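**Student:** I'd like to ask some things about the structure below.
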Amino acid sequence: MGTLTSCTFSTLDFNFILKTREIPRLPFLKKPSSKKNSCFLCSRESVNTQRVCWVPRRNFGRLKCYSSSDNGDGDGESSSGSGSSSNESTDPTTAATTTEVDEDNRRSNKYDSERPSVSSRPPTISPLGPAYNNFQVDSFKLMELLGPEKVDPADVKLIKEALFGYSTFWVTKEEPFGDLGEGILFLGNLRGKREVVFAKFQSLLAEVTGNKYNLFMVEEPNAEDLDPRGGPRVSFGLLRKEVSEPGPTMLWQYVIAFLLFLLTIGSSVELGIASQINRLPPEVVKYFTDPNAVDPPDMELLFPYVDSALPVAYGVLGVLLFHEVGHSVAAFPKKVKLSIPFLIPNITLGSFGAITQFKSILPDRSTKVDISLAGPFAGAALSLSMFAVGLLLSSNPNATGELVQVPSMLFQGSLLLGLISRATLGYASMHAATVPIHPLMIAGWCGLTTTAFNMLPVGCLDGGRAVQGAFGKNAINAFGLTTYAMLGLGVLGGPLSLPWGLYVLICQRTPEKPCLNDVTEVGTWRKTVVTVAVFLVVLTLLPVWDELAEELGIGLVTTF
């Protein structure tokens, strides 16, 4: 077989001339005796040898010729110039031409000193590499520096040898894994029960690499068929712990959480004051109800109503507290860490709820469903209790002095709560311009509405997390698009649909990250609970249009 020989140089500062017309006619260059089996610079000939030579503009000294052969003779490197290798000492032809190359180098140096100087600035785009300019190369290096740390290739090789095999998971392909491709996704064929294999892999990974990486079991992307053992085909993703795990809560986050807490207290007190609208001074009522009012009234007029507004404020804050305690109680046995809650104030409901992040990776989808549902269920339990007690007090004739008058059209904001109120208070009370109700009922109504908004199946809201855990990532994408459409059309939430939709788009639109075991199903009863919860959420946030409200006796439509 043939031998491929190439000539390079030990210096790093050189330019290559690729066109023949750029090569000066040097007197020391000899015409090769064979077009196919000779080195253009070294004038060396060999049998069955093909040589490839690059001609530099300067620094002809210290020329090295590398020869690679497939005849099994081992090292094919030879050098000429300042010294000779062991191969040259055993090659008579090479030894005979060494003197000629030295003489050629001396003539080359003399020629370079006499000819006009040529700029040695390297070209913008290297003809020997990819077509990237200097700015693009610098951008790639900056992205590499600022981006997340990638998986070490040496660790990948070690993990493949220690974890995967014919009896567990046979790797056939590797792909980038993670938001920025910082991890490795192993695709292949599963050879056992997925839960058993995954538990074995986690144990082996800790033994091989220690506490350095996290291994995820996810559904194989773009799989054409299902696993022969049932369920989707699985793949295993590898990420560094510092990349995959959430970071700690910073000091500025604590400051923001405290400021939002103070604002939520203010908005809750404001809701309590607004619930006494029939008692407030006329100038205050006009300012809050008339859109043309510009000059604010004297706020000192509201001070006498703060004490009577506190029960409603306590109720709103109590629902938020129960909500967060529910999350914590469900997360503690699973050893899942949660961030501090970031309360979102709202003047209509007192609060839009809170943003609570997972500060550790969830072990499986069942844990995601349990933690996500625990908060809304706890908050809904307290809200429903206050709403029921408020309804009973509103229907009690002896509690007339504690009741406040609210427009009956407010009951059209929720089909479910409106029907419950109509069944409890009766047709005569509801079919009037105003309805006397207890302030505790207002706190319960606002708590149930806030809980229902947080249970919408979209993004990383509690409802979105629960649906993603129960039915998978594809389901949350479909549910999310439907929810955005219904909020945009005002089908859910009525007047609050637009502000809530903007809040979700800005703060909560991104779905939750996958669990370590993101494949194993959660079971039928969890799916049933999530389905019923979403159905009740729709009934709670579905407003009642005028014709249906007139038929059901919810509000006096003809007076508006």
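The values are calculated or read from the model by the stated rules, or taken from the named source; none is laboratory data. Owing to the predicted nature of the structure, the values given are computational and were not obtained by experimental measurement. With ideal geometry, Cβ positions are generated from the backbone for all residues, glycine too; neighbour counts draw on all protein chains shown. All accessible areas refer to the heavy atoms of the entire protein, side chains included, with ligands and DNA or RNA removed. Shrake-Rupley method; radii C 1.70, N 1.55, O 1.52, S 1.80 Å.
**Student:** Do any residues in region 484-509 that are within 16 Å of Gly464 (Cβ to Cβ) have Cβ atoms under 9 Å from those of residues that are part of a loop (DSSP other than H, G, I, E, B) and among the β-branched types (Val, Ile, Thr), where the two are at least six apart or on different chains, and which pairs are they?
**Tutor:** Tyr484/Val458; Ala485/Val491; Leu487/Val458; Val504/Val458; Gln508/Val458; Arg509/Val458
**Student:** Taking region 256-273, which residues are in contact (Cβ under 8 Å) with a residue 40 or more places away in the chain and open to solvent by less than 80 Å² (accessible area, probe 1.4 Å)? First the steps, then the outcome.
**Tutor:** We begin by selecting, within region 256-273, every residue in contact (Cβ under 8 Å) with a residue 40 or more places away in the chain; these are 256-257, 260-261, 263-272.
Matches in region 256-273: Ile256, Ala257, Leu260, Thr264, Ile265, Gly266, Ser267, Ser268, Val269, Glu270, Leu271, Gly272.
**Student:** Let me ask another. What pairs come up if the first residue lies in region 322-339 and is within 11 Å of Lys359 (Cα to Cα), the second is among the β-branched types (Val, Ile, Thr) and open to solvent by 20 Å² or more (accessible area, probe 1.4 Å), and their beta carbons are under 8 Å apart, counting only those six or more places apart or on different chains?
**Tutor:** Hits for this filter: Ser339/Thr249.
Residues checked against (1) in contact with a helix residue (DSSP H, G or I) (Cβ under 8 Å, 6 or more places away or on another chain); (2) β-branched (Val, Ile, Thr); (3) open to solvent by less than 50 Å² (accessible area, probe 1.4 Å):
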| site | (1), (2), (3) |
| --- | --- |
| Ile347 | yes, yes, no |
| Ile361 | yes, yes, yes |
| Ala380 | yes, no, yes |
| Gly390 | yes, no, yes |
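**Student:** Go through region 158-183 and give me each residue that's open to solvent by less than 30 Å² (accessible area, probe 1.4 Å) and either of a type in the set (D, E, K, R) or closer than 19 Å to Lys200 by Cβ (or both).
**Tutor:** Once the filter is applied, which keeps residues that are open to solvent by less than 30 Å² (accessible area, probe 1.4 Å) and either of a type in the set (D, E, K, R) or closer than 19 Å to Lys200 by Cβ (or both), region 158-183 yields Ile159, Leu163, Phe164, Gly165, Thr168, Phe169, Glu182.
**Student:** I've got another one for you. I need the full set of residues from region 210-219 which are surrounded by fewer than 20 Cβ atoms within 10 Å (Cβ to Cβ) and either in contact (Cβ under 8 Å) with a residue 24 or more places away in the chain or of a type in the set (S, T, N, Q) (or both), in order please.
**Tutor:** If we filter region 210-219 for residues that are surrounded by fewer than 20 Cβ atoms within 10 Å (Cβ to Cβ), which is where we start, we get 210-212, 214, 218-219.
Once the filter is applied, which keeps residues that are surrounded by fewer than 20 Cβ atoms within 10 Å (Cβ to Cβ) and either in contact (Cβ under 8 Å) with a residue 24 or more places away in the chain or of a type in the set (S, T, N, Q) (or both), region 210-219 yields Asn211, Lys212, Asn214, Val218, Glu219.
**Student:** Quick one: would you say Asn278 is more than 30 Å from Glu182 (Cβ to Cβ) and in contact with a helix residue (DSSP H, G or I) (Cβ under 9 Å, 6 or more places away or on another chain)? Talk me through it step by step, then tell me what you get.
**Tutor:** Numbers: more than 30 Å from Glu182 (Cβ to Cβ): yes; in contact with a helix residue (DSSP H, G or I) (Cβ under 9 Å, 6 or more places away or on another chain): yes.
So Asn278 passes the test.
**Student:** Working only within region 401-414, note down all residues that are open to solvent by 30 Å² or more (accessible area, probe 1.4 Å) and under 24 Å from Glu550 (Cα atoms).
**Tutor:** Passing the criteria: Gln405, Pro407, Met409, Leu410, Gly413.
**Student:** Taking the stated definitions as given, is Asn398 open to solvent by 30 Å² or more (accessible area, probe 1.4 Å) and closer than 26 Å to Ile437 by Cβ?
**Tutor:** Values: open to solvent by 30 Å² or more (accessible area, probe 1.4 Å): yes; closer than 26 Å to Ile437 by Cβ: yes.
So Asn398 passes the test.
**Student:** Would you confirm whether or not region 276-289 contains a residue that is modelled with pLDDT of 85 or more, open to solvent by 30 Å² or more (accessible area, probe 1.4 Å) and basic (Lys, Arg)?
**Tutor:** Looking only at region 276-289, we keep the residues that are modelled with pLDDT of 85 or more, and these are none.
Checked region 276-289: no residue is modelled with pLDDT of 85 or more, open to solvent by 30 Å² or more (accessible area, probe 1.4 Å) and basic (Lys, Arg).
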